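Written below as structure tokens is the structure these notes are about.
The values are calculated or read from the model by the stated rules, or taken from the named source; none is laboratory data. Just so it is clear, the model here is predicted, and its values are computed rather than measured. Here Cβ is always computed from backbone atoms with ideal geometry, including for glycine, and neighbour counts include all displayed protein chains. Only protein heavy atoms, including side chains, enter the accessible area calculation; ligands, DNA and RNA are left aside. Shrake-Rupley method; radii C 1.70, N 1.55, O 1.52, S 1.80 Å.
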Amino acid sequence: MDVDVVIVGAGPAGLSAACRLMQQANEADQELTMCVVEKGSEVGAHILSGAVFEPRALAELFPDWEERGAPLTTPATRDEVYLLKDAEKGQKLPNALVPPSMHNTGGGNTRYVISAGNLCRWLAEQAEALGVEIFPGFAAQETIIEDGVVKGILIGDMGVSADGQPKDSYTPGMELRAKYTLFAEGSRGHLGKRLIQEYRLDAGKDPQHYGIGLKELWDIPADQHEPGLVLHGSGWPLDKQTHGGWFLYHAEDQQVVVGLIMDLSYQNPWLSPFDEFQRMKHHPVIKPHLDNGKRVAYGARAITKGGLNCLPKMTFPGGLLIGCDAGTLNFAKIKGLHTAMKSGLVAAESVFEALNGGEEAAEGGKELTGFTEKWEASWAYAELEASASFGPALHKYGTVGGGAYNFANQLLGGKLPNLHDTTPDHATLKPAKECEKIDYPKPDGKLSFDKLSSVFLSNTNHEEDQPCHLKLTDPDVPIRDNLPEFDEPAQRYCPAAVYEVVEGDDGKPQFQINFQNCVHCKTCDIKDPAQNITWVAPEGGGGPNYPNM
């Protein structure tokens, strides 16, 4: 199938690009063929974000978004920021000590507590009304590269058994060929990862840094609900060598979202992000918001948080990397939806310009060098430039010291030296014998829960009789190397109980992969100390089905 443009991923970046491209074509009365492929069973199924949303890019795309019924109904009304000192004590920070980037109210720029999944569902409706073809349930498995130029993608085969043989339901994959291909897969996209390697897009950049975000959705009693209340905090339960923070937002319909974001640069292999999140909810600052409530959804996702110092070149012959596939999130704000959308808008304008830029450009395949100039002149790039040291400061000076550095840097207009962190996240683990083993409390079934009951709430499903999508370069590494050195950390860093060390029939330990549980967070692909695990797309439609997340 030949089209003008293929977009991989129906997230905020991909859908914004699709809408803007078709807007331009319609305004010019020009025929443009385009399709968006999405590996989730529906648009929004794999979308997970906090989220307090800044509608700046949305207003550029659809100035009349309110009249169109965009799902922004709960303005942020009150900010609270806490430092949790231990399991019992927490200190609310005075407003004057909260960095400007963390303010979500005032300043004449209204922000909203939203479901990012519902925003994407709404964007998909707008895109289809403009004439965009969207194909959910189709996973892009390979990039078509010919003579050094990206020519499109290959959709994975459907109906293949675990031993690689076609089943009765077998459907061969399809080539989607395009003049330009935009990759908007989200954090640690498996095709984006390969493109960065293929074209050395990260040359001269710091290694990318990631976090893992864990989130739950709760129904709470009406008398506990304050729509628009926004809480952030740091400190306990994370130790001084582990960086991150928590969030709790009062959304619409008597619902609260609560989550933990933890840097994947942590050192202690005994640490479990999932269990840190579960015990966090028992803190007296957080517990009153959840008491007498009911947990209704759970999810986890990697976050590309390295910022400007780690942002790869986003152009290559025949296409672009946009949104979190590249790493456009502004971690100083803990916001990435608006910058991802802006990258999509800039991409759309660059592609449309190329398609109308003479015979050679219109044939496709050329490198969209004009994108870089437009992107670097955008407000989104200016945000990343202003917060370039945010993550490295936290890694270098800790949560308190790094926070103080960043606060001072924001007040001084970014005049402090630009800091760097050149150690990849997978290389930070210390040997298990050098670290303190963590004894996590058992879940109480009211505020804290186990992994399997949590995965159940993510509505995750994969066809069991299909090839495992978690590939081991060397199957012996987990037991031979990782187990003696790090007590195989995959059994703890995975938030979905995918990886286990079990006793085999011969009484020896074996590495077991329960790929059916995978919520597509990509943490294993990032944190495995041997870089032995590669995440690839499973059969289309598999994975989580997040409602209202």
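Within the set of other residues whose C-beta is less than 12 Å from the C-beta of Ala17, count the net charge using Lys and Arg as +1 and Asp and Glu as -1.
Cβ neighbours under 12 Å give a net charge of 0.
Could you pull out the pairs from Lys313/Lys335; Lys281/Lys342; Lys89/Lys335; Lys342/Lys415 whose alpha carbons sit more than 32 Å apart here?
Table pairs above 32 Å Cα-Cα are Lys281/Lys342.
Please report, as a whole percent, how much of the solvent-accessible surface of the chain comes from carbon and sulfur atoms (probe radius 1.4 Å).
Ligands and nucleic acids excluded, carbon and sulfur reach 49 percent.
For a 30 Å ceiling on Cα separation, which of these pairs sit above it: Lys179/Lys215; Lys305/Lys374; Lys430/Lys508; Lys451/Lys508?
Result: Lys179/Lys215 exceed 30 Å.
On a C-alpha basis, how far is the centre of the stretch 409-484 from the centre of the stretch 305-331 in Å? Whole number, if you could?
The stretch 409-484 and the stretch 305-331 have Cα centres separated by 22 Å.
If you roll a 1.4 Å probe over the heavy atoms of the protein chains, what accessible area per residue do you get for the chain, in Å²?
So the chain comes to 40 Å² accessible per residue, rounded to a whole number.
Below 8 Å, C-alpha to C-alpha, sequence gap of six or more: please give me the relative contact order for the stretch 36-94 in percent.
Averaging sequence separation for qualifying contacts and normalising by length gives 16 percent for the stretch 36-94.
Could you pull the Cα extents of the chain along its three principal axes, largest to smallest, in whole Å?
Here the Cα extents, ordered largest to smallest, are 66, 65, 47 Å.
Tell me the mean residue ellipticity at 222 nm calculated for the chain from its helices only (DSSP H runs of n ≥ 4, each -39500 (n - 2.57), averaged over every residue, nearest 500).
Helix contribution divided over all residues of the chain: -7000 deg cm²/dmol.
Among 301-309, 530-538, what's the highest-first ranking by average C-beta atoms within 10 angstrom per residue?
301-309, 530-538
Among 4-16, 39-51, 346-358, 193-205, how do they line up from the highest to the lowest mean number of other beta-carbon atoms within 10 Å?
4-16, 39-51, 346-358, 193-205
Calculate the tail of P(r) for the stretch 44-187: the fraction of all Cα-Cα distances greater than 22 Å, expressed in %.
Above the 22 Å cut-off, the stretch 44-187 has 63 percent of its Cα pairs.
If you take every residue apart from Glu60 with its C-beta less than 10 Å away from the C-beta of Glu60, what net charge results, scoring Lys and Arg +1 and Asp and Glu -1?
It works out to a net charge of +3.
More than 12 angstrom separation, counting every C-alpha pair in the stretch 33-74; what % is that?
For the stretch 33-74, the share of Cα pairs beyond 12 Å comes to 72 percent.
Below 8 Å, C-alpha to C-alpha, sequence gap of six or more: please give me the relative contact order for the stretch 152-281 in percent.
Here the relative contact order equals 19 percent.
Could you state the orientation-averaged shadow area of the convex hull built on the Cα atoms of the stretch 281-409, in nm² to one decimal?
10.9
Report relative contact order for the stretch 1-152 in percent, whole number only (criteria: Cα-Cα under 8 Å, sequence separation at least 6).
37
Given just the C-alpha atoms of the stretch 236-350, how large is their convex hull per residue in cubic angstrom?
Roughly 152 Å³ of hull volume per residue.
Which trypsin sites (Lys or Arg not before Pro) in the stretch 412-452 sit in a loop by DSSP (not H, G, I, E or B) and have at most 12 other Cβ atoms within 10 Å of their own Cβ?
Filter output for the stretch 412-452: Lys415, Lys437.
Under 1.5 on a/c is rounded, so check that first for the stretch 432-481, then, if it is not, pick prolate when a/b is larger than b/c and oblate when it is not; a ≥ b ≥ c are the square roots of the alpha carbon gyration tensor eigenvalues.
Note, shape of the stretch 432-481 comes out oblate.
Just the number: Rg to Rh for the stretch 1-53, Cα atoms, Kirkwood Rh, two decimals.
Checking Rg against Rh, the ratio lands at 1.05.
Over the Cα atoms of the stretch 212-283, each weighted equally, I'd like the Debye log10 I(q)/I(0) at q = 0.22, 0.26 Å⁻¹, rounded to two decimals.
Ignoring solvent entirely, the Cα scatterers give -0.92, -1.17.
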